Amino acid sequence: MARHRKPLIAGNWKMNLGLAESEALAKQIKSSLPETPHCDIALFAPFTALGAVRAVVSSTPIWLGAQNVFWEKSGPFTGEISALQLKDAGCQAVLIGHSERRVIFGEKSADLRKKIGAVLDVGLFPVLCVGETLQEHQAQKAREVITSQIQEAIAEFTRQKLKSLTIAYEPVWAIGTGKTATPGQAQGMHDFIRNRLAALFDNEFSLQTRIIYGGSVKTDNIDALMAEPDIDGVLVGGESLKADSFIRIINFARRAIHV
Ligand code: PGA
């Protein structure tokens, strides 16, 4: 089977930017896009800015994404937003289980499983974030942690249902710290995740699922990361708030296998 995974370059704006700033950043990114980008691009904007960013990106290849979702369809869940509401707001993709959600807000795998189900049911693309903490990393537990995070979140679905799944490997010790996993370390974990996917489902599924890397991705490490065979894109936090840097990241040096 051909190994054709189109890279995904995604910006996670987190709890940053007002309406005017979000609109301006989206416009700068849009106006600098190559005519036919060699990757998919997604902007995970704050909920309040989804409308403003949607207006800018709606007829472009840029996907609009949300940073979180609740699994119920509607009802008395004050402060929550459903997958259908996100779809209605123009989203195509949703981040699930970012480490900040897991660590600060106590999200558990059982929650993430329900969120993935809700997102898939309305036809949005889930980006499931997994990653070990510094403590787990130092205790050599990374593989064990990643294995259970993946298994608990997706094992109950069929591979057909998970066709649009992207996995983001984001070692927690590399997020916002300036400490990036080396391309070799990231590649090693991506290869491990791909093998887990093959074990959980089958080889074909593992070869077609995008696995992207996140954690202090910058203009000066993007090319080396993207040169690795199992790194199918990146999830960028801090550097995605700067138009010039994010555009440079979108224009990463291509590798034959990515085109
Ligand atoms: P960072 O964040 O690029 O600022 O390290 C990445 C993320 O949390 O998705």
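The values are calculated or read from the model by the stated rules, or taken from the named source; none is laboratory data. Every value quoted in this text rests on a predicted model; they were computed, and no experiment measured them. In this analysis, Cβ positions are derived from the backbone assuming ideal geometry, glycine residues included, and neighbour counts consider all displayed protein chains. In case anyone asks, the SASA skips ligands and DNA or RNA and just uses the protein heavy atoms, side chains included. Shrake-Rupley method; radii C 1.70, N 1.55, O 1.52, S 1.80 Å.
With the structure loaded, tell me whether Leu225 is hydrophobic (A, V, I, L, M, F, W, C) and touching a helix residue (DSSP H, G or I) at 6+ places or on another chain (Cβ under 7 Å) or whether it fails that test.
Yes: the conditions hold for Leu225.
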**OP:** Being closer than 17 Å to Asp232 by Cβ and within 17 Å of the chain's Cα centre (by Cα) is the filter here, so list the residues in the range 207-220 that pass it.
**Re:** Gln208, Thr209, Arg210, Ile211, Ile212, Tyr213, Gly214, Gly215, Val217
Original post:
Taking Asn16 and the conditions (1) open to solvent by 10 Å² or more (accessible area, probe 1.4 Å); (2) more than 29 Å from Glu204 (Cα to Cα); (3) more than 16 Å from the ligand (Cβ to nearest atom); (4) among the polar types (S, T, N, Q), which numbered condition does it fall short on, given that it satisfies the others?
Top reply: (3)
Original post:
Are any residues in the range 92-130 open to solvent by less than 10 Å² (accessible area, probe 1.4 Å), away from the ligand (no atom under 16 Å from the Cβ) and more than 17 Å from Glu80 (Cα to Cα), and if so, which ones?
Top reply: Leu124
Original post:
Residues in the range 52-81 that are open to solvent by 80 Å² or more (accessible area, probe 1.4 Å), closer than 20 Å to Met15 by Cα and in contact with a strand residue (DSSP E or B) (Cβ under 6 Å, 6 or more places away or on another chain): how many?
Top reply: 2
Original post:
In the range 212-241, which residues are on the phi > 0 side of the Ramachandran plot and either more than 8 Å from the ligand (Cβ to nearest atom) or open to solvent by less than 10 Å² (accessible area, probe 1.4 Å) (or both)?
Top reply: Gly215, Gly233
Subject >> Any hit, the range 38-47, residues being at pLDDT 95 or above and in contact with an Asp or Glu (Cβ under 6 Å, 6 or more places away or on another chain) >> reply: no
**OP:** Say whether the condition of being in a loop (DSSP other than H, G, I, E, B), touching a Cys at 6+ places or on another chain (Cβ under 9 Å) and within 16 Å of the ligand (Cβ to nearest atom) is met by at least one residue in the range 65-82.
**Re:** no
Original post:
Can Thr209 be described as open to solvent by less than 10 Å² (accessible area, probe 1.4 Å) and away from the ligand (no atom under 16 Å from the Cβ)?
Top reply: yes
Subject >> Whichever residue in the range 90-116 is small (Gly, Ala, Ser) and either touching a helix residue (DSSP H, G or I) at 6+ places or on another chain (Cβ under 6 Å) or assigned to a loop (DSSP other than H, G, I, E, B) (or both) and, among such residues, is nearest to Ile150 (Cα to Cα) >> reply: Ser109
